[in-house]
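Here the structure is laid out as structure tokens; the discussion comes afterwards.
The values are calculated or read from the model by the stated rules, or taken from the named source; none is laboratory data. A quick note: this is a predicted structure, and the numbers were derived from the prediction, not measured. Because the Cβ atoms are built from the backbone with ideal geometry, glycine has one as well, and the counts that use them run over all protein chains shown.
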Amino acid sequence: MKHIPVGVDIAKHLMQVHFVDPHTGEVIDKQIKRDAFLEYFSNREFCLIGMEACGGSQYWACELEKLGHAVRLLQGKFVKAFVMGNKNDVTDARAIWMAVQQPGGKAVAVKNEEQQAVLSLHRMRRQLVKFRTAQINALHGMLLEFGEMVRKGRASLDKALPDVLERMKDKLPPFLICQIEDQHQRLSDIDTQIDGIEKQLIAWAKQNEDCQRIMKIPGVGPLIATAAVATMGEARAFRSGREFAAYLGLVPKQTGTGGKVKLLGISKRGDTYLRTLFIHGARAATLLTKEPNPWVTELMKRRPTSVAVVGMANKLARTVWAIVAHDRAYEKNHVSVRPL
């Protein structure tokens, strides 16, 4: 069945739709209110609807797929190449309509509500970790203003703060001492919230078969497993493990001309959070285990440690994708064979 390509520029209140009527050849540029958006597509022929992957796009993609339409979520940088003239809703919708018809465009996987919920937990946890780090740095800076230098890190702050406050009581007003104690207590409150989120993620990982299989990989724990499974959505949306690693920004950038290609450092494109988790997991599997992977051990003999760790993170990402996409169990000594 041939779908009618449609470009949709979504927003909070108004949606801009662009397509060419296959029967009359008329170019349709229509602005639709949010409440009437699904109704507009409920009575239409099956469409291939393109949208930029942005806030709200996952929700609309799921709802449109329920109506029987095919949806492709496109990266903004891919759509930008097709914007002609001044940027506005009409030209954006036209650019999306042009981009969705291109065969080489990489679409973002549409995720179900359960996967979105898990990713929301990861976002909350990441935000709380940022708050905690900012709070620790603020306390260090405040104490330094009054001549009290505390060593870097949370453990040093917890250990030194009682003695520091005892010395400061003689020269600072009581209300400031109370506020510093309250701000320090907030760190414990944030710790409790982070622990609660991590327990929920661990519980979900125990119920998910994909997570159970990939957590057997050295260096992959509940955080990486849940984030990777939820981020991938449908693993087959990526054609290979290398494509998944490229999505995370773990492959080298390339520059070249005249048939000569030069490889640079990792691209750092894509999902920063999941890339960071994979690198931390690779560092643990490389430096903290008694029997590190022989592959990374040989790599560390000729490359710097950080480069080897990133290479191991790339390998972990590919392995995770292969296990989920092919529905296989982890095998320590497995050797990949190129299909004939």
Residue set Glu65, Glu113; condition in contact (Cβ under 8 Å) with a residue 24 or more places away in the chain and loosely packed, with under 13 Cβ neighbours inside 10 Å; output residue Glu113
Taking the condition of being out of contact with any Lys or Arg (no Cβ under 8 Å at 6 or more places or on another chain) and closer than 12 Å to Asp271 by Cβ, how many residues in segment 232-245 meet it?
1
Going through segment 303-340 one residue at a time, which ones are of a type in the set (Lys, Arg) and at pLDDT 90 or above?
Lys315, Arg318
Options Arg242, Arg236, Arg186; residue that is under 17 Å from Arg328 (Cα atoms), touching a helix residue (DSSP H, G or I) at 6+ places or on another chain (Cβ under 7 Å), assigned to a helix (DSSP H, G or I) and of a type outside the set (Asp, Glu):
Arg236
Give the residue that is surrounded by the most Cβ atoms within 10 Å (Cβ to Cβ), with candidates limited to residues of segment 248-268 that are in contact (Cβ under 8 Å) with a residue 60 or more places away in the chain and either touching a strand residue (DSSP E or B) at 6+ places or on another chain (Cβ under 9 Å) or more than 21 Å from Leu223 (Cα to Cα) (or both).
Leu250
If Val108 satisfies every condition in (1) more than 17 Å from Gly7 (Cα to Cα); (2) modelled with pLDDT under 90; (3) buried (at least 17 other Cβ atoms within 10 Å of the Cβ) but one, which is the exception?
(1)
Within segment 4-56, the residues that are farther than 30 Å from Leu119 by Cα and among the β-branched types (Val, Ile, Thr) are Ile4, Val20, Thr24, Val27, Ile28
Can you list the helices (runs of 4 or more DSSP H) lying wholly within segment 17-92 that have 2 or more residues being acidic (Asp, Glu) and either under 22 Å from Ala109 (Cα atoms) or assigned by TED's automatic domain parsing to the domain that holds Ala237 (or both)?
57-66
Scan Asp195, Asp189, Asp271 and give me the residue that is surrounded by fewer than 22 Cβ atoms within 10 Å (Cβ to Cβ), under 15 Å from the mean Cα position of the chain (by Cα) and closer than 30 Å to Ala138 by Cβ.
Asp271
Looking at segment 1-16, which of the residues that are touching a Leu at 6+ places or on another chain (Cβ under 8 Å) and assigned to a strand (DSSP E or B) is surrounded by the most Cβ atoms within 10 Å (Cβ to Cβ)?
Val6
Restricting to segment 198-233, name every residue that is more than 16 Å from the chain's Cα centre (by Cα), in a helix (DSSP H, G or I) and crowded, with 21+ Cβ neighbours inside 10 Å.
Ala205, Cys211, Ile214
